[in-house]
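Participant: After the structure tokens below, expect a handful of questions from me.
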């Protein structure tokens, strides 16, 4: 999927937890690059949590879908309530997945953000914005399948972003329809893949460079 993109050897592949982690692990292993997990949490509309009104990501980044917020007349205090709850879950997962291991350094590196697919793109927007704020030198968003309009919106929003997606079916409907198996990825699977990747690279942790990381 990423052959021909001239990725530097010190590039890092970050899997958006949880669904993007197994895909990212395979990408990182195939390319021989460092792998880590990146936490993004969807902000679901109250009473309709499957509909995203935004997302938050590691590093304190928040992205809101103002069109949905305005259309559904979602109140600011409802947004804050959902964001606070999702923030607690994000911090819990950071600790559960990585323990005392430092996150991969982002600053000055090429970062490949991988998810299992793009529907609304809220999670990927939050992730891209987060790693840009953290000082990534180059950002590539890579997914197996996506809605074509979502890829176009991402590239318009982030002109320097490289969006890699081999399959953009129309009509799109949902990410899960384009997988033979689309079961939920568990916390245990995420931890196992992080540990397996570290073992393959001979790492005992990701040291944080001064002024770098997340």
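The values are calculated or read from the model by the stated rules, or taken from the named source; none is laboratory data. Keep in mind the model is a prediction, meaning the values are calculated, not measured. Because the Cβ atoms are built from the backbone with ideal geometry, glycine has one as well, and the counts that use them run over all protein chains shown.
Participant: If you check 160, 127, 156, 146, which single one turns out to be at pLDDT 90 or above, surrounded by fewer than 15 Cβ atoms within 10 Å (Cβ to Cβ) and touching a strand residue (DSSP E or B) at 6+ places or on another chain (Cβ under 9 Å)?
Facilitator: It is 160.
Participant: Considering only the stretch 30-53, I want to know if a residue exists there that is over 30 Å from residue 196 (Cβ atoms), surrounded by fewer than 18 Cβ atoms within 10 Å (Cβ to Cβ) and in contact with a strand residue (DSSP E or B) (Cβ under 6 Å, 6 or more places away or on another chain).
Facilitator: Yes: one or more hits.
Participant: Out of the residues in the stretch 54-65 meeting the condition of being outside any loop (DSSP other than H, G, I, E, B) and in contact with a strand residue (DSSP E or B) (Cβ under 8 Å, 6 or more places away or on another chain), tell me which one is nearest to residue 134 (Cα to Cα).
Facilitator: 57
Participant: Still on this structure, I have one more. Do we find a residue being modelled with pLDDT of 95 or more, in a strand (DSSP E or B) and out of contact with any helix residue (DSSP H, G or I) (no Cβ under 7 Å at 6 or more places or on another chain) anywhere in the stretch 66-89?
Facilitator: No, the stretch 66-89 contains no residue that is modelled with pLDDT of 95 or more, in a strand (DSSP E or B) and out of contact with any helix residue (DSSP H, G or I) (no Cβ under 7 Å at 6 or more places or on another chain).
Participant: Then there is this: Can you pull out every residue in the stretch 177-196 that is more than 24 Å from residue 97 (Cα to Cα) and surrounded by 11 or more Cβ atoms within 10 Å (Cβ to Cβ)?
Facilitator: Within the stretch 177-196, 177, 178, 179 qualify.
Participant: Restricting the search to the stretch 69-93, which residues are more than 27 Å from residue 103 (Cβ to Cβ) and crowded, with 18+ Cβ neighbours inside 10 Å? Break it down into steps so the answer makes sense when it comes.
Facilitator: First, pick out the residues of the stretch 69-93 that are more than 27 Å from residue 103 (Cβ to Cβ): 69-78, 81.
Matches in the stretch 69-93: 69, 74.
Participant: Let me ask another. Looking at the stretch 96-108, which of the residues that are in contact with a helix residue (DSSP H, G or I) (Cβ under 9 Å, 6 or more places away or on another chain) and either at pLDDT 90 or above or not in a loop (DSSP other than H, G, I, E, B) (or both) is nearest to residue 168 (Cα to Cα)?
Facilitator: Taking the stretch 96-108 as the starting set, the residues that turn out to be in contact with a helix residue (DSSP H, G or I) (Cβ under 9 Å, 6 or more places away or on another chain) are 96-99, 101, 103, 106.
Next, from what is left, pick out any that are either at pLDDT 90 or above or not in a loop (DSSP other than H, G, I, E, B) (or both): 96-98, 106.
Details: 96: 34, 97: 31, 98: 33, 106: 29 Å.
Result: 106.
Participant: Does any residue of the stretch 138-145 turn out to be over 25 Å from residue 8 (Cβ atoms), under 15 Å from the mean Cα position of the chain (by Cα) and not in a loop (DSSP other than H, G, I, E, B)? Spell out how you get there, then give the answer.
Facilitator: Here is the first cut: in the stretch 138-145, the residues over 25 Å from residue 8 (Cβ atoms) are 145.
Cutting the leftovers down to under 15 Å from the mean Cα position of the chain (by Cα) gives us 145.
Those left that are additionally not in a loop (DSSP other than H, G, I, E, B): 145.
Yes, the stretch 138-145 contains at least one residue that is over 25 Å from residue 8 (Cβ atoms), under 15 Å from the mean Cα position of the chain (by Cα) and not in a loop (DSSP other than H, G, I, E, B).
Participant: Out of the residues in the stretch 54-68 that are in contact (Cβ under 8 Å) with a residue 60 or more places away in the chain and under 19 Å from residue 157 (Cα atoms), which is surrounded by the fewest Cβ atoms within 10 Å (Cβ to Cβ)?
Facilitator: 62
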